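Shown next, in structure tokens, is the structure this report addresses.
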Amino acid sequence: MKPPNPTGRISSSNQTDPIALFSEWFMEAKNYGIALHESMALSTCTPDGIPSSRMVLLKSFDAEGFIFFTNYNSRKAQEIVSNPKASLLLHWPALERQIRIEGSVTQTSTEESHSYFRTRDRGSQVGAWASKQSETIGDESLANEVDKIEERFKNQEIPLPPFWGGYRVCPNKIEFWQGRPDRLHQRLLFVLESDKKWTSTLLYP
């Protein structure tokens, strides 16, 4: 399958709306057949600036931000509470593309979290309850925790855990990177100004 952009250039018609451009690239990655095209690196920091990164899945996005779900007691969540800023990175080597996103982080509403939780298969719902994410596994194995949860909610709908839900990264910077020959890559940076309008500039590779 040929890449969707054989010229290796970001179209000038897409240099005004970063969310529209993101949607276009995201769908092209999906249609190209890239496995887990929605995977992204999430980077957070402790209050004293120590960074950590991990892969998460982008579940939805719109003009308000980019949403992922996790355990609210996890390391990433604790760092977000103390330092509510984060960056995201999506990388599609087959298309020679990457997108960097920086912004503030807020929790999604309980309704949004519940709506997504209902779409998960039952095993993943059980896993959300059973995993004490980022904690040390003690005498009780994860399998034992799973058995307990399955028994607790036997023959009934599994509710949304009170310690589990979504986060929205509200972007203030979005950079699109398009690989080109001779390492003369194209970098298009969008910055959200105080009047809630996006400005764009091209950066040297």
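The values are calculated or read from the model by the stated rules, or taken from the named source; none is laboratory data. Computed from a prediction, not measured in an experiment: that's the story for all the values here. Reconstructed Cβ throughout: ideal geometry from the backbone, glycine too, with neighbour counts over all protein chains shown. Note: accessible area is taken over every heavy atom of the protein model, side chains too, but ligands, DNA and RNA are not part of it. Shrake-Rupley method; radii C 1.70, N 1.55, O 1.52, S 1.80 Å.
Brief remarks on what is shown
- Count of the stretch 145-194 residues, restricted to those that are among the acidic types (Asp, Glu), open to solvent by less than 40 Å² (accessible area, probe 1.4 Å) and more than 29 Å from Ala77 (Cβ to Cβ), is 0.
- Matching entry among Glu175, Glu193 (being within 20 Å of the chain's Cα centre (by Cα) and among the acidic types (Asp, Glu)): Glu175
- Residues that are of a type in the set (A, V, I, L, M, F, W, C) and assigned to a loop (DSSP other than H, G, I, E, B), drawn from the stretch 156-175: Ile158, Leu160, Phe163
- Count of the stretch 94-116 residues, restricted to those that are open to solvent by less than 20 Å² (accessible area, probe 1.4 Å) and within 16 Å of the chain's Cα centre (by Cα), is 6.
Okay, residues lined up against (1) open to solvent by 40 Å² or more (accessible area, probe 1.4 Å); (2) in contact with a Cys (Cβ under 8 Å, 6 or more places away or on another chain):
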| position | (1), (2) |
| --- | --- |
| Lys2 | yes, no |
| Ser11 | yes, no |
| Ser39 | no, no |
| Ser52 | no, yes |
| Ser60 | yes, no |
| Phe66 | no, no |
| Asn71 | no, no |
| Lys85 | yes, yes |
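- Test: His91 is modelled with pLDDT of 95 or more, in contact with a Leu (Cβ under 6 Å, 6 or more places away or on another chain) and either in a helix (DSSP H, G or I) or open to solvent by 40 Å² or more (accessible area, probe 1.4 Å) (or both): no
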